[in-house]
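Every number here is computed from the coordinates shown, using simple stated rules; none is lab data. All of these numbers come straight from a predicted model, not from anything done at the bench. No Cβ is skipped: glycine too gets one built from the backbone with ideal geometry, and neighbour counts run over all protein chains shown.
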Amino acid sequence: MDNNEPMAGVLADFARSMTDLPPHAIVDMLLDRVVELLPVTSAAVTLNARSDPALARSVSATDAPARRLAELQNESGQGPAAMVIETGGAVHAPDLAEDQMFGEFGVAAAAEGVAAVFSFPLGHRSEWLGTIDLFRDTPGPLEPWATSAAKTLADVTSAYLVNARERETYREGDELFRTSSLHDALTGLPNRVLLLQRIEHAGQRSRRSNAQAAVLLVDLDGFRFVNDKYGHWAGDALLVAVAHRIRPLLRPGDTLSRMSGDQFVILCEDVGDADVVHRIAERVLGAFSEPFRVTSPVRAEPVQIPVTAAVGIAFTGSADSVGSQLIADADFAMYQAKRSRVGSQVVLDLRGAIRDADRAELQQDLRTAVQKNALTLAYQPIVCVADGTVTGVEALLRWRHPDRGPMPAPLAVALAEESSLIHDLGDWVLRRSIFDRAGWLLEAPERRLDLAVNISTRQLLSPGFPARLEETLRRAGADPGALTLEVSEGIFLEDSEYARSVLSRLKRIGVRLALDDFGTGTSSPGYLRDYPVDVVKIDTEIIAEIDEAPVGGAIISAVTELAHIRGISVTVEGVETARQREAIARMGCDSAQGYLYSRPMSAGDFADLLRESHADTLRLPLNTA
Ligand code: C2E
Ligand code: MG
Ligand code: MG
């Protein structure tokens, strides 16, 4: 029986209507669809995201018996849904009459005429939202297709729930909201809203007093893995324990807040000397040297969970930094710390390392490099997952500093973005790569070779960008359809008329748009609906965890399904192993990029590769060392 077709229809329907619905309506729609589509008699959803008032405890069900059974599980802590909370994975009870393990719940289910229950977690990335129970009046296992359909529905619904919650958070502006929602319900710490207010005040004060403020972003490693291995209750308890351990390490006036998921942000005001902040960061990292003890709500014995973390730091400096920008900078520094890590704990202090005089000097050095044509591009092949042929390349900026050696690409881009330098640098990247591609194709003009170029939000929004791009394409005689501009979600968060008009102008020119780094940031599936995206690129971070944590796989398959409904192609970045390749092939992803196929290489090396491949198709030997 082919059940893909109704599934695709349901997902399409979700994509059309769900993005605008409030959470309870999304849950109702899920329940309707579940009983319509799957061989079950009734269903119930329990939301209990403790961290979040919008999704706080509530039970919805298709009928009264289902509601009673869901409520009973909440109260007694017995039953499959209670076990889902415990284990984090789906729990199947195909024959309750035979199963003695659910105690009171088994008896109550029999009384309601329920013979089998299948419970699935509702969660989105590292967030635990609740459970869905599927009830059946006859015993027997749930068919594999129905199991996989239930999982997909649960994943997609979770993504929409998180999305709806975020919308509500932005929408609510009344007094009640402000007083009741300045703190995170799980840890009791200030939340993002309050943190941003405090950063703003700190910024004003530091402008008056010349003392700077700093933001430290603390990100736990493998938090999703904790949820998967021990259950979501453990993830929640761990976050509370981390908050308790960090708080006493700070100075009295510092603010510790929980931003989202597994990220904490510390605001330190009046830091006369950057060393003070470095010492705080060291103390915070030191707090992770001992495992955390957490106790399950159901079982008595505590569990020891070892976790490590990375910290990124950003300083207000002398510029008028906006709070959200400061957090983004710290996030970026943290990300660099994770990437460049040798041991398990690294502090990378972007602003600190390149602050003030240093920073100005580096910016000048970058400007000189742009003027002297001393930057280069590396090209990384993009490969068709199904047959392994190279279909295109992504251009990646490379800057070798005369004294400091190779500089990370995101750092160069960040420096350039702080001034108008980004316009010259961005134009250079586009020109250089479009002409490099034209050169490669001189000998084989018919060959398919797409070019992907990263465009920063500021560059995209700079006046005249589309016109300059059109002119470059014309001069190189390049087909606009072969060029993909990779943008980050920043452009969608911008959500301005101007941004929309630039995107539609680019579509008219005929270039393709890719949403880069999907799976980091807010990564709303709504972007795939609301904007003219042709490709979604799933971030390296997601695939990296796929071997350990199945959640990464669930995200990739749900995004792929949604994307394909909208005719959007999916590229997975950072594919390093043959197992990862097999997994994404199974999930139907279109393209892949990563060290398994090739590291980024010089234009000359890529030209040699093309020349050596006599046939029209280029396949790379896999690096499966
Ligand atoms: P991105 O666009 O997501 O590029 C992919 C990054 O992943 C590249 O890092 C690439 O070297 C790295 N990568 C590729 N395969 C693997 C793998 O198998 N494993 C792992 N761990 N990493 C892999 P790179 O070159 O350091 O660039 C980092 C980011 O800097 C890019 O992320 C992009 O956002 C930005 N960037 C690079 N060049 C430019 C540019 O010309 N303009 C702009 N605006 N941004 C750029
Ligand atoms: Mg990219
Ligand atoms: Mg990317």
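For the range 369-418, state which trypsin sites (Lys or Arg not before Pro) are in a DSSP loop and have at most 15 other beta carbons lying within 10 Å of their beta carbon.
Lys372, Arg404
Would you mind working out the magnitude of the charge dipole of the range 375-620 relative to its Cα centre, with +1 at each Lys and Arg C-beta and -1 at each Asp and Glu C-beta, to the nearest 20 Debye?
Roughly 620 debye for the range 375-620.
Taking the Cα centre of the range 568-622 as origin and charging only Cβ (+1 Lys, Arg; -1 Asp, Glu), how large is the dipole, in debye to the nearest 20?
Result for the range 568-622 is approximately 180 debye, rounded to the nearest 20.
Using each residue's phi in the range 195-204, evaluate 6.51 cos²θ - 1.76 cosθ + 1.60 at θ = phi - 60° and report the 3J(HN,Hα) Karplus result to the nearest Hz, with x for Gly and Pro.
In residue order, the calculated couplings are 4, 4, 4, 5, 5, 4, 4, 4, x, 4 Hz.
Please work out whether the range 375-620 counts as rounded, prolate or oblate from its C-alpha gyration tensor, where a ≥ b ≥ c are the square roots of the eigenvalues and a/c under 1.5 means rounded, while otherwise a/b larger than b/c means prolate and anything else oblate?
Since a/c stays below 1.5, the shape of the range 375-620 is classed as rounded.
List every residue whose amide H lies under 5 Å from the amide H of Ala452, counting only residues 5 or more places away in sequence or on a different chain, with H placed 1.01 Å from N in the peptide plane.
Correct list: Val393, Glu394, Ala395, Thr484.
What's the center-to-center distance, using Cα atoms, between the range 93-121 and the range 438-459 in Å?
59
For Leu513, which sequence-distant residues (separation of 5 or more, or a different chain) have an amide H within less than 5 Å of its own amide H, given hydrogens modelled in the peptide plane?
Sorted by chain and number, the residues that satisfy this are Leu485, Asp534, Val535.
Please say if the range 60-130 is rounded, prolate or oblate, where rounded means a/c under 1.5 for a ≥ b ≥ c the square roots of the C-alpha gyration tensor eigenvalues, and otherwise the choice is prolate for a/b larger than b/c and oblate otherwise?
prolate
With θ set to phi - 60° and the Karplus curve 6.51 cos²θ - 1.76 cosθ + 1.60, what are the ³J(HN,Hα) couplings of the range 439-448 in order, to the nearest whole Hz, using x for Gly and Pro?
x, 4, 8, 4, 7, 9, x, 8, 5, 7
Cα-Cα over 30 Å: which of Lys151/Lys507; Lys229/Lys537; Lys372/Lys507? Mind dumping the intermediate values first?
Numbers: Lys151/Lys507 35 Å; Lys229/Lys537 27 Å; Lys372/Lys507 33 Å.
Over 30 Å apart, Cα to Cα: Lys151/Lys507; Lys372/Lys507.
What ³J(HN,Hα) values, in whole Hz, does the Karplus curve 6.51 cos²θ - 1.76 cosθ + 1.60 give for the range 483-491 when θ = phi - 60°, with x put for Gly and Pro?
Per residue, the Karplus-derived 3J(HN,Hα) values read 9, 10, 8, 8, 10, 9, 5, x, 5 Hz.
Hey, can you grab everything whose amide H is under 5 Å from the amide H of Val572? Only 5+ residues off in sequence or another chain; H modelled, so Pro and N-termini drop out.
Under 5 Å from the amide H of Val572 lie the amide H atoms of Ile538, Ser591, Ala592, Gln593, each far enough along the sequence or on another chain.
So what's Rg/Rh here for the range 202-313, counting alpha carbon atoms and using the Kirkwood radius for Rh?
1.05
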